[in-house]
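Written below as structure tokens is the structure these notes are about.
The values are calculated or read from the model by the stated rules, or taken from the named source; none is laboratory data. Computed from a predicted structure; not experimentally measured. When we count neighbours, we look across all protein chains shown, and the Cβ atoms used for this are built from the backbone with ideal geometry, even at glycine.
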Amino acid sequence: MQNDTPKASSPNSSNEINVVKPLGDPNCPHCGGAGYVRYDVPVGHEKFGKLETCVCRARDVAEAARSRLFAMSNLNRLSHLTFENFNSSGNDKAKFMSGQERENLRVAFDASEEFARLPKGWLLLEGGYGCGKTHLAAAIANFAVNVGMPTLFITVPDLLDSLRFAYDDPETTFEQRFEEIRNSGLLILDDFGTQNATPWAQEKLFQIINFRYINKLPTVITTNLMLDEIEARIRSRLQDDGFVKHLKILAPDYRRPEETSNPGISMLALPEMKVMTFKTFQPRHDEVGTEAVMTTTTEKNDRFGNKVKDKEITRIKISKEDVRTLDDAHNKALEFAEKPGGWLVLLGGSFCGKTHLAAAIGNYIIALGGQANMIDAAGLPDYIREPIGGRMDVTFNRRLNEIRNIPMLILDDLKSSGSLTAWAEERMMAILSYRYNAHLPTVITSTLRQDEFALSYPNLWNKLLDPTKCQVLAINMPPYRRVAKGGRSTKKK
């Protein structure tokens with residue numbers, strides 16, 4: 001190893017000598033204060049002719065690297081995001097969160113705090129906008145910086161911009177910037193998936209991630225994408241369960257907790273559904289003893305063996321027992337809204353009040369800042385299949401995942417088997433089976449009688465027969481009537 005310590009040159013016209021302050025330790029036996037060393041290696045060796053930073057400068061170099069990474073991270077503006085001020089019970093503005101959402105957020109908090117104390121492997125935080133994943137990632141970064149760990153916290157678009165600007169930066173080179181990023185002690189990539197996915201950007205991002213994966217460098221990634229939407233090479237590394245801890249955060253948007261129903265799918269965003277609340281529900285006690293007309297539809301086989309629908313009109317006198325079925329449904333729906341758990345199935349004829357009660361459950365939860373989506377059973381398959389940007393595979397996987405993981409799913413007007421295509425019915429049953437096994441609160445309304453339900457969906461019906469998980473209520477009431485202007489009677493759903 002050669003000593004490249006610069007020597008003071010002899011003065012020509014002056015007795016003054018310009019003394020250059022050594023970069024390294026003047027007493028260093030390796031560099032003599034130069035701060036760099038050149039290895040005595042044969043031609044062709046990878047270190048031949050290259051200067052290497054001397055060990056005597058290790059602390060200064062590390063401190064300088066930490067400072068550059070900190071400046072690049074802009075953590076000054078995120079210094080308020082810590083574990084201490086993260087509410088692992090959910091947003092205070094949201095008066096309601098399901099038990100599953102709270103437990104899920106607690107698990108994400110605990111895992112993030114554990115990773116900060118012992119940064120090992122990778123942590124992938126997936127979730128919607130405002131669910132708290134960036135706060136947790138920044139809390140990890142602030143903790144690491146406070147213990148002296150070289151940390152880079154940066155959004156993926158900013159990271160790529162930093163690399164692009166390095167080409168014109170007089171104080172650094174692209175290679176130096178690239179090395180600092182991929183070798184940082186802890187790298188936290190926020191908002192993965194929002195970057196401009198040009199071939200150059202995609203390749204540089206893969207090189208950074210692949211380098212850190214191969215060298216087992218601690219990394220945190222936050223994203224609102226599903227794994228299926230991430231570029232295949234990167235997705236493959238993120239699916240290494242032995243190295244990557246993948247957490248899906250289900251909490252509602254911290255910034256807008258009251259806006260939780262997806263207007264693109266949820267019926268609860270419609271004006272007609274917004275007014276269906278427990279306050280506007282009419283119990284119909286005053287109709288006991290009155291006569292009402294009921295229309296029932298039955299399916300029969302004609303003389304050729306084809307199934308045909310036959311409507312039958314009957315007149316009934318409403319009894320106290322009939323009204324009691326509506327009272328029971330109202331009371332159970334209110335209990336379910338206040339403490340969602342298991343499944344609630346409301347059966348009854350058209351316009352008997354079951355859809356109103358189901359919508360009231362969703363509106364009650366949303367008013368408290370919770371998440372609920374009410375979906376028409378007939379329109380659900382079309383929503384799942386609808387393409388986005390022509391990427392049918394991504395759309396299907398993302399939307400299927402979205403529906404089956406909704407904190408509160410209200411499936412309205414489930415019709416008999418055969419009313420949908422085989423594909424659509426299979427998808428719907430798969431969603432309901434997943435939610436049942438995952439213990440996700442679900443409400444179903446249907447005009448099917450209990451025996452019809454059992455014949456149409458025997459596997460689902462067998463699940464519903466478990467009283468510890470499901471409540472099945474039959475409403476035995478004729479359609480609602482209301483008096484419109486002019487004294488004419490109209491039906492109310």
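Summary of values
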| quantity | calculated |
| --- | --- |
| Inter-residue pairs, beta-carbon under 6 Å, first in contact (Cβ under 8 Å) with a residue 24 or more places away in the chain and in the stretch 199-222, second among the aliphatic types (A, V, I, L, M) and not in a helix (DSSP H, G or I), 6+ apart | Pro218/Leu186; Thr219/Leu187; Val220/Leu123; Val220/Ile188; Ile221/Leu124; Ile221/Leu189; Thr222/Leu125 |
| For Asp241: the one exception among (1) modelled with pLDDT of 90 or more; (2) touching a Phe, Trp or Tyr at 6+ places or on another chain (Cβ under 8 Å) | (2) |
| Some residue of the stretch 167-180 being more than 19 Å from Lys245 (Cα to Cα) and either in contact (Cβ under 8 Å) with a residue 24 or more places away in the chain or not assigned by TED's automatic domain parsing to the domain that holds Thr219 (or both) | yes |
| Filter pass, Tyr457 being of a type in the set (Ser, Thr, Tyr), within 18 Å of Asp376 (Cβ to Cβ) and at pLDDT 90 or above | yes |
| Test for Glu101: is it modelled with pLDDT of 95 or more, out of contact with any helix residue (DSSP H, G or I) (no Cβ under 7 Å at 6 or more places or on another chain) and farther than 20 Å from Phe192 by Cα | no |
| Residue match in the stretch 47-66 (condition: part of a loop (DSSP other than H, G, I, E, B), touching a helix residue (DSSP H, G or I) at 6+ places or on another chain (Cβ under 8 Å), modelled with pLDDT under 75 and among the hydrophobic types (A, V, I, L, M, F, W, C)) | no |
| Criterion: of a type in the set (Val, Ile, Thr) and at pLDDT 95 or above - qualifying residue of Thr447, Thr395, Thr442 | Thr442 |
| Scope the stretch 326-337; condition in contact (Cβ under 8 Å) with a residue 12 or more places away in the chain and either within 33 Å of the chain's Cα centre (by Cα) or buried (at least 19 other Cβ atoms within 10 Å of the Cβ) (or both); matching residues | Leu326, Ala329, His330, Lys332, Ala333, Leu334, Phe336, Ala337 |
| Single condition Gly193 does not satisfy, out of (1) at pLDDT below 85; (2) out of contact with any Leu (no Cβ under 8 Å at 6 or more places or on another chain); (3) of a type in the set (Gly, Ala, Ser) | (2) |
| Test: residue in the stretch 201-214 that is among the polar types (S, T, N, Q), under 26 Å from Pro150 (Cβ atoms) and within 22 Å of the chain's Cα centre (by Cα) | no |
| Residues located in the stretch 404-428, provided they are touching a helix residue (DSSP H, G or I) at 6+ places or on another chain (Cβ under 7 Å) and farther than 30 Å from Gly369 by Cα | Ser416, Ser417, Leu420, Ala424 |
| Conditions (1) touching a residue at least 60 places away in the same chain (Cβ under 8 Å); (2) assigned to a helix (DSSP H, G or I): number failed by Ser184 | (2) |
| Those residues of the stretch 127-176 which are among the small types (Gly, Ala, Ser) and either surrounded by 20 or more Cβ atoms within 10 Å (Cβ to Cβ) or over 25 Å from the mean Cα position of the chain (by Cα) (or both), in sequence order | Gly127, Gly132, Ala137, Ala138, Ala139, Ala141, Ala144, Gly148, Ser162, Ala166 |
| Residue match in the stretch 396-404 (condition: in contact (Cβ under 8 Å) with a residue 24 or more places away in the chain, surrounded by 20 or more Cβ atoms within 10 Å (Cβ to Cβ) and under 19 Å from Leu250 (Cβ atoms)) | yes |
| Top-ranked residue of the stretch 215-228 - restricted to ones that are surrounded by fewer than 19 Cβ atoms within 10 Å (Cβ to Cβ) and over 23 Å from Met149 (Cα atoms), ranked as modelled with the lowest pLDDT | Asp228 |
| Residues of the stretch 124-171 classified as in a helix (DSSP H, G or I) and out of contact with any Gly (no Cβ under 8 Å at 6 or more places or on another chain), total | 22 |
| All strands (runs of 3 or more DSSP E) inside the stretch 244-355 with 3 or more residues being modelled with pLDDT under 80 | 291-301, 307-317 |
